[in-house]
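These notes are about the structure you will find just below.
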Amino acid sequence: MKVLIAEDDPLTRKGLAEILESEGYQTAVARDGKEALALFTQASPDFVCLDIMMPGVSGYDVCREIRRFNPRVPVIFISAKSEEIDKVVGLELGADDFIVKPFGVKEVVARIRAVTRRCMAARPTADGAQSFHLGDLEVLPAELRARRGKDVIDLSLRDVKILSLLHRNQGKAISRDTFFHECWGFDHVPNSRTLDQHIAQLRKRIERDPKNPSIIRTVHGVGYRYDG
């Protein structure tokens, strides 16, 4: 899933890209409104994060143009403009959400996941959107969640990719390179520590006993496997 980030402040732009990429999204970044409109046409993003106050073409104007071409693509305004009228204008232009700077990582992640769920719900027949089981764990990709009985576990987009890959290859050892290519992207520089840390955190949330995992098993010298 691809996200267009339009933000003129380099630190905020970098921070948003890092948050989204850590969740498993591809990002396209623009430094101003004019570049954002060009990238929207070129990259065909699944949703858009827009700063309001940008040089040349404002986020409001970018949103208007986007809505002319695509009335359904989700748009999130991220701005230091926190007055109620600013939010009202943004929502009237068709924005799906409004995040006020300065923002916390957890807030951005929660709102991005909410928009992703709406994107997935709008195309329920998309590949990878169907639920599946890993043992007693039910994975619901379209909801970015898993369930075990009454317990609900929130997942990132990357978590879903990892679990889907394991499910599709039940009984097979999956190499580290395959995990990186499938769940991080071909442009990501492989780092075993990155994968191992992510798997360790995921196990803490989905395994009954993370120290003796039954879903994500380690295959020494190769990678990981789900036995079923």
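The values are calculated or read from the model by the stated rules, or taken from the named source; none is laboratory data. These numbers were taken from a predicted model, which means no experiment stands behind them. Note that each Cβ is placed from the backbone with ideal geometry, even for glycine, and that neighbours are counted across all protein chains shown.
The table for this structure:
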| item | result |
| --- | --- |
| Residue selected from the stretch 206-216 under the condition of a type outside the set (A, V, I, L, M, F, W, C) and under 17 Å from Leu155 (Cβ atoms), by the criterion surrounded by the fewest Cβ atoms within 10 Å (Cβ to Cβ) | Arg208 |
| Residue that is outside the structural domain of Asn191 (by TED's automatic domain parsing), of a type in the set (A, V, I, L, M), more than 22 Å from Arg118 (Cα to Cα) and assigned to a helix (DSSP H, G or I), where the choices are Leu16, Leu20, Leu11 | Leu11 |
| Test result for Glu107, surrounded by fewer than 19 Cβ atoms within 10 Å (Cβ to Cβ) and either modelled with pLDDT of 90 or more or under 25 Å from Ile206 (Cα atoms) (or both) | yes |
| Hits in the stretch 40-66 - residues which are closer than 18 Å to Ala17 by Cβ and crowded, with 20+ Cβ neighbours inside 10 Å | Phe40, Pro45, Phe47, Val48, Cys49, Leu50, Asp51, Met54, Gly59, Val62 |
| Residues of the stretch 23-34 satisfying the condition of being assigned to a helix (DSSP H, G or I) and surrounded by 22 or more Cβ atoms within 10 Å (Cβ to Cβ) | Gly33 |
| Residue among Leu37, Leu16, Leu20 that alone is closer than 23 Å to Leu93 by Cα, under 16 Å from the mean Cα position of the chain (by Cα) and surrounded by 18 or more Cβ atoms within 10 Å (Cβ to Cβ) | Leu16 |
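Table: residues versus (1) touching a Lys or Arg at 6+ places or on another chain (Cβ under 9 Å); (2) surrounded by 16 or more Cβ atoms within 10 Å (Cβ to Cβ); (3) assigned to a helix (DSSP H, G or I).
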| residue | (1), (2), (3) |
| --- | --- |
| Ile162 | no, yes, yes |
| Gln197 | no, no, yes |
| Thr218 | yes, no, no |
| Asp227 | yes, no, no |
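Residues are listed down the side, and each one gets a yes or a no for (1) modelled with pLDDT under 90; (2) part of a helix (DSSP H, G or I); (3) surrounded by 13 or more Cβ atoms within 10 Å (Cβ to Cβ):
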residue	(1), (2), (3)
Phe103	yes, no, yes
Thr125	yes, no, no
Val139	no, no, yes
Phe180	no, yes, yes
